[in-house]
Amino acid sequence: MLEQEFVHEQLKVFRDPETGVTGAIGIHSTALGPAMGGLRLFAYPGLEEAIVDVLRLSRAMSFKSAAAGLDLGGGKAVLVDDGRWNGARHERMRVVGRAIEELEGRYVTAEDVGTTPLDMDAIGEVTRHVAGASPSHGGSGDPSPFTARTVFASIEGAARVRLGRPSLEGLRVGVQGVGNVGSALVRLLSAAGAEVSVTDADPARAEVLVEQLGVVAQPLDGFALREFDVFAPCALGGAIGPAEAAGLTAAIVAGAANNPLSDREVARSLAERDILYVPDFIANCGGIIHVGAEVLTLAEQEVEDLLAAAGDRSEHILLRARETGRLPLEVAEEYALARIDAAVSAS
Ligand SMILES: NC(=O)c1ccc[n+]([C@@H]2O[C@H](COP(=O)([O-])OP(=O)(O)OC[C@H]3O[C@@H](n4cnc5c(N)ncnc54)[C@H](O)[C@@H]3O)[C@@H](O)[C@H]2O)c1
């Protein structure tokens, strides 16, 4: 199946006249299973921008789940933050839950940027098509530590492929953004003996890690261009544009952030400079494995196997890219599409 032909199955735009809740749900593919992906609450300038984002993000979820070996499709939901969520949040999340319920299980939501397990609890009052609720509500809770695990495994794999290093001992790693995933990643890196530098738009978050782990905090400006072996973008998307691609000293880029490259051309620029980029959806798949396990009712050992396989898969994709002279991004997309394609053919 050609990627260009691989269009979205459904787009649902909703606006609740009573509460003013405005959002969109994108179902990119249900070929492998129910479309799954988080609920993002963000201050989009308007509905149009939110729709563009939900189409992009739901497509990325198809690739992520397929590559992770999950029988899940790709979906996503976005909400326009109109500044009126405080106070009315619980009721508003129930409105979102009703919009999800109308899709009759074709889309399953979870936590994402701007939403929390508590929001999933509220949504869970009106639909069962939700994962990642708080453990007290029977959910699996925060997926971030699991995302950090697969990012860490991807960095290990990339270090073997690109630097011939069997461990991360002594490797200089710069982590941009030390929120839920970034901070968990820093702990894993420190335990593995890496020399970790961190930065965050909220300096207090970096300071905690400096005090607890003895990592080095650096200013935000120019962080990506400092002397690192590995640059790990773990804040928001778009951290690496043409300027960063031209100036990075790191040999490896691997992090948690979705869409860390400003556009596809940047992937080519990085490869031309022999910088190994681990595609975002390959590195950060631990979170979807964790919440997806809830939906697919996977046993603990199955989850562990999927998490462990993520590191090997990452290395396999990087090696295949090197052998064939193609971009890791292209090889990773082809890998995911092959699984989706097989499911379409079998149906
Ligand atoms: N949480 C997960 O399990 C998961 C799974 C897959 C992908 N991701 C992606 O990983 C990234 C991080 O997720 P998270 O859950 O840790 O989010 P988070 O909000 O907990 O952390 C993000 C951190 O980045 C900081 N930040 C924002 N802009 C910055 C900038 N310009 N420079 C440096 N720091 C900046 C914030 O202050 C915050 O501490 C996001 O892009 C998210 O979409 C997360």
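Here are some notes:
- Qualifying residue in the range 106-113 (condition: assigned to a loop (DSSP other than H, G, I, E, B) and in contact with a helix residue (DSSP H, G or I) (Cβ under 8 Å, 6 or more places away or on another chain)): yes
- Here Leu306, Leu270 are screened, and the one residue that is in contact with a strand residue (DSSP E or B) (Cβ under 6 Å, 6 or more places away or on another chain) and assigned to a helix (DSSP H, G or I) is Leu270.
- Given (1) within 21 Å of the chain's Cα centre (by Cα); (2) touching a residue at least 40 places away in the same chain (Cβ under 8 Å), number of the condition Leu261 does not satisfy: (2)
- First in the range 192-207 and among the hydroxyl-bearing types (Ser, Thr, Tyr), second anywhere and in a loop (DSSP other than H, G, I, E, B), Cβ under 6 Å, 6 or more apart: Ser197/Gln218; Thr199/Gln218; Thr199/Leu220
- Condition met for Thr127 (surrounded by 20 or more Cβ atoms within 10 Å (Cβ to Cβ), in a loop (DSSP other than H, G, I, E, B), among the hydroxyl-bearing types (Ser, Thr, Tyr) and without any contact (Cβ under 8 Å) to a residue 40 or more places away in the chain): yes
- Apart from one condition, Ile100 fits all of (1) buried (at least 22 other Cβ atoms within 10 Å of the Cβ); (2) touching a Gly at 6+ places or on another chain (Cβ under 7 Å); the exception is (2).
- Per the listing Gly170, Gly139, Gly174, Gly193, the residue uniquely surrounded by 23 or more Cβ atoms within 10 Å (Cβ to Cβ), more than 18 Å from the chain's Cα centre (by Cα), more than 9 Å from the ligand (Cβ to nearest atom) and outside any helix (DSSP H, G or I) is Gly174.
- For beta carbons closer than 9 Å, sequence separation of 6+ or different chains, a first residue in the range 224-236 that is more than 19 Å from Gly193 (Cα to Cα) and assigned by TED's automatic domain parsing to the domain that holds Ile282 and a second that is within 13 Å of the ligand (Cβ to nearest atom) and charged (D, E, K, R), the qualifying pairs are Ala224/Glu244; Leu225/Glu244; Pro233/Asp280; Ala235/Asp200.
- Residue in the range 203-216 that is of a type in the set (S, T, N, Q) and not in a helix (DSSP H, G or I) present: no
Residues checked against (1) over 24 Å from Val175 (Cβ atoms); (2) surrounded by fewer than 21 Cβ atoms within 10 Å (Cβ to Cβ):
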{"site": "Ala257", "(1), (2)": "no, no"}
{"site": "Asp263", "(1), (2)": "no, yes"}
{"site": "Leu270", "(1), (2)": "no, no"}
{"site": "Arg273", "(1), (2)": "no, yes"}
{"site": "Gly292", "(1), (2)": "yes, no"}
{"site": "Asp312", "(1), (2)": "no, yes"}
{"site": "Arg320", "(1), (2)": "yes, yes"}
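- Pairs where the first residue, in the range 137-151, is of a type in the set (Phe, Trp, Tyr) and the second is near the ligand (Cβ under 9 Å from one of its atoms), C-beta under 7 Å, 6+ apart: Phe146/Gly286; Phe146/Gly287; Phe146/His290
- Flag if Ala133 is of a type outside the set (Phe, Trp, Tyr) and at pLDDT 95 or above: no
The values are calculated or read from the model by the stated rules, or taken from the named source; none is laboratory data. For clarity, every value in this text was computed on a predicted model and none was experimentally measured. Note that each Cβ is placed from the backbone with ideal geometry, even for glycine, and that neighbours are counted across all protein chains shown.
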